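To keep things clear, I will list the structure first and then write my remarks on it.
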Amino acid sequence: GNGDSNTLSIRQGNDGAVNSGHVGLLYVKGDNNNISLRQSANNDKKAFISVDGNNNYGLVSQLGTGNHYIDLSLTGNGHNVNATQKDSGTHRATINLQNLGWASLLTLTQQGSTGQQYSILQQCANLNGCTVSVTQGTGP
């Protein structure tokens with residue numbers, strides 16, 4: 001982290017089964033950002049989170065026995081992201097939000113036993129901000 005009053009939280013856990021490695025890489029540059037990463041259960045979980053700006057909020061949860069991958073990049077101020085990858089499917093997400101005058105709100109849920117994939121590059125210049133809500137897959 002590089003800046004003032006940032007809150008970073010990483011929680012990783014599993015039962016120690018084969019291929020249970022979890023990787024969480026957080027890079028934060030700016031002030032008053034609150035970023036949380038939770039990785040739990042067996043199998044591979046990878047999260048790469050980069051924040052360059054102020055007053056961003058990010059909550060990434062990778063849960064269940066699937067192999068999950070997320071690459072989250074927030075550029076600019078005021079973004080709010082809640083991303084959940086859960087269940088046994090192999091889920092992948094690439095999220096790149098850029099503030100071109102206004103912030104983005106993104107809610108993503110990837111779930112179920114069938115692998116899900118999602119990618120977004122959003123450059124928000126909308127006076128009211130930009131909002132995206134995506135649910136992929138069905139629960140177990």
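Of everything in segment 1-35 that's open to solvent by 30 Å² or more (accessible area, probe 1.4 Å) and of a type in the set (Ser, Thr, Tyr), which residue is modelled with the highest pLDDT? For segment 1-35, the residue satisfying everything is 27. For residues in segment 33-61 being within 19 Å of residue 105 (Cα to Cα) and among the polar types (S, T, N, Q), which is nearest to the chain's Cα centre (by Cα)? Among those residues, the one meeting the criterion is 61. Of all residues in segment 111-130, exactly one satisfies the criterion of being assigned to a strand (DSSP E or B), among the hydroxyl-bearing types (Ser, Thr, Tyr) and surrounded by 13 or more Cβ atoms within 10 Å (Cβ to Cβ), namely 118. Applying the criterion of being at pLDDT 95 or above and not in a strand (DSSP E or B) to the residues of segment 44-56, the residue that is nearest to residue 118 (Cα to Cα) is 56.
The residue of segment 95-104 that is farthest from the chain's Cα centre (by Cα), among those that are more than 16 Å from residue 49 (Cβ to Cβ) and open to solvent by less than 70 Å² (accessible area, probe 1.4 Å), is 101. Would you call residue 28 in contact (Cβ under 8 Å) with a residue 12 or more places away in the chain and either within 13 Å of the chain's Cα centre (by Cα) or over 21 Å from residue 107 (Cα atoms) (or both)? The answer is no for residue 28. A count restricted to segment 62-75 and to residues that are outside any loop (DSSP other than H, G, I, E, B), out of contact with any Lys or Arg (no Cβ under 7 Å at 6 or more places or on another chain) and open to solvent by less than 10 Å² (accessible area, probe 1.4 Å) stands at 3.
You will find that of 108, 59, the residue that is crowded, with 19+ Cβ neighbours inside 10 Å, modelled with pLDDT of 95 or more and part of a strand (DSSP E or B) is 108 and no other.
Taking the conditions (1) within 23 Å of residue 33 (Cα to Cα); (2) in contact (Cβ under 8 Å) with a residue 40 or more places away in the chain in turn, residue 89 satisfies each one other than (1).
The values are calculated or read from the model by the stated rules, or taken from the named source; none is laboratory data. The model shown is predicted, which means the values in this text are computed figures rather than measured ones. Cβ atoms come from the backbone with ideal geometry, glycine included; neighbour counts cover every protein chain shown. Quick note on the areas: whole protein, heavy atoms, side chains included, nothing else; ligands and nucleic acids left out. Shrake-Rupley method; radii C 1.70, N 1.55, O 1.52, S 1.80 Å.
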